[in-house]
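Let me begin by presenting the structure, written as structure tokens, before commenting on it.
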Amino acid sequence: MIDSKKEIEELILTVIREGGSDLHLGGGRVPAIRVSGELIFLSKHNILSKEDMIAILMEILGKKRFDEFMETEEIDFSYDFRGEARLRGNAFFQKGFINVAFRLIPKVKTLEELHLPKILADFSRKKQGFFLVVGPVGQGKSSTLSAMVNLINNEQARHIITIEDPIEHIYTPNKSIINQREVGIDTKDFHVALKSSFREDANVILIGEMRNPETISTAVSAAETGHLVLSTLHTNNAAQTIDRIIDSFPGDQQDQIRIQLAASLLGIFSQRLIPRITGGLIPAYELLINNNAVSNLIRDKRTQEIDVVIETGMELGMIDLNHSLLELVRAGEISIESAYQYSLNPKGLERMI
């Protein structure tokens with residue numbers, strides 16, 4: 001039987017040492033890590049057995065949460081590694097074997113360190129409204145939001161409440177009070193915690209993920225009633241995000257949420273992490289800023305026109321994804337092939353080159 005604590009710590013050290021982002025463990029195979037987007041198998045490592053995986057997961061979760069996992073057959077969790085690093089994880093079964101996927105959570109960085117536009121700081125300084133950071137899984141949304149939250153923490157005396165599943169970045173309170181609540185440990189679910197925040201004198205609310213109409217509706221109401229609400233969705237761009245929010249509601253409620261969203265939305269930031277020519281990853285992004293024209297499009301069910309508004313609104317601070325990609329190509333950061341691969345409108349990009 002392996003020494004499970006030593007085993008997991010050595011594997012996490014391997015991820016850190018290799019500059020990796022993810023660690024994959026599963027019964028019946030060797031561990032694998034992801035480095036700069038590529039999956040690498042640790043072929044010199046022994047194959048992990050069923051018993052090894054049970055011991056590793058018991059070490060990570062403790063008996064109570066391990067029993068919960070055995071009952072539900074999947075679980076989200078966070079893991080503190082010696083106080084030096086944090087990982088978020090998901091454990092699940094496949095073909096009767098336990099598998100665990102870890103994501104290494106980088107230390108909280110500034111917008112500048114993340115190569116993000118300065119305009120995001122302006123949204124962090126707003127007193128109220130709804131701001132979304134969107135994109136597929138693993139594209140740096142959490143890191144962007146953590147930079148925004150920490151900027152507030154370092155500049156303003158505010159009460160910040162985060163509702164996460166699981167807690168990822170740990171903040172050190174500076175000028176703000178920061179209360180971090182983990183779903184399943186500190187609160188029953190996102191919606192319950194969000195409703196409670198109305199009675200907790202919150203200024204800023206970070207919602208790790210909006211999973212249902214109840215949470216979305218309460219988040220929009222919070223933004224309307226004097227809170228700055230930050231959250232994420234797994235959508236590709238601003239127009240799709242607005243449609244996804246509205247379509248999550250029954251037909252008879254869609255007009256109401258459309259009106260509320262048009263009034264409370266501050267902006268939508270969509271990002272992708274692109275492989276750099278010199279190694280590592282760098283973000284390309286799109287930014288929609290809500291103004292009278294955008295509000296009217298949302299209210300009038302004309303979200304298909306939002307892409308054009310972003311393209312023509314650069315002097316207002318909006319950012320078009322193709323322009324962002326093209327700037328990275330011209331700066332020698334990414335290849336033209338990568339730009340085409342990550343563009344949502346390759347023909348439009350071709351016309352710009």
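Throughout, read-outs are computed from the coordinates displayed, never taken from laboratory work. Because the structure is predicted, anything quoted here is derived from the model rather than measured. Cβ: placed from backbone, ideal geometry, glycine included. Neighbour counts: every protein chain shown.
Counting Lys and Arg as +1 and Asp and Glu as -1 over every other residue whose Cβ lies under 13 Å from the Cβ of Glu38, the net charge comes to -1. Listing His169, His24 from fewest to most neighbouring C-beta atoms within 10 Å gives His24, His169.
Distances between placed amide hydrogens fall under 5 Å for Arg29 paired with Leu48, all partners being 5 or more residues away or on another chain. Each 10 Å bin from zero holds the following percent of Cα-Cα pairs in the stretch 186-320: 11, 39, 33, 14, 3, 0.
Hull volume per residue, based on the alpha-carbon atoms of the chain and their convex hull, is 153 Å³. Which value in Å is the Kirkwood Rh of the stretch 247-353 over different Cα pairs? It works out to 15.2 Å.
Hand me the trypsin sites (Lys or Arg not before Pro) from the stretch 261-318 located in a DSSP loop with no more than 14 other Cβ atoms within 10 Å, in residue order please.
In loop regions of the stretch 261-318 (DSSP not H, G, I, E or B), the sparsely surrounded trypsin sites (Lys or Arg not before Pro) are Lys301, Arg302.
Over the stretch 44-200, the hull volume per residue, using the convex hull of the C-alpha atoms, is 158 Å³. Could you list log10 I(q)/I(0) for the stretch 143-211 at q = 0.12, 0.17, 0.18, 0.23 Å⁻¹, which the Debye formula gives when each Cα is one point scatterer? With no solvent term, the Cα-only Debye profile gives -0.27, -0.55, -0.62, -1.00.
Restricting attention to the stretch 88-181, which GluC sites (Glu not before Pro) occupy a DSSP loop and are surrounded by at most 16 other Cβ atoms within 10 Å?
Answer by residue number: Glu112, Glu113.
Taking N as the residue count of the stretch 4-105, its C-alpha radius of gyration divided by 2.2 N^0.38 Å amounts to 0.99.
Of the trypsin sites (Lys or Arg not before Pro) found in the stretch 39-70, the ones in coil according to DSSP and having at most 11 other Cβ atoms within 10 Å of their Cβ are Lys44. Rounded to the nearest 10 degrees, the inclination of helix 321-330 to the longest alpha-carbon principal axis of the chain is 70 degrees.
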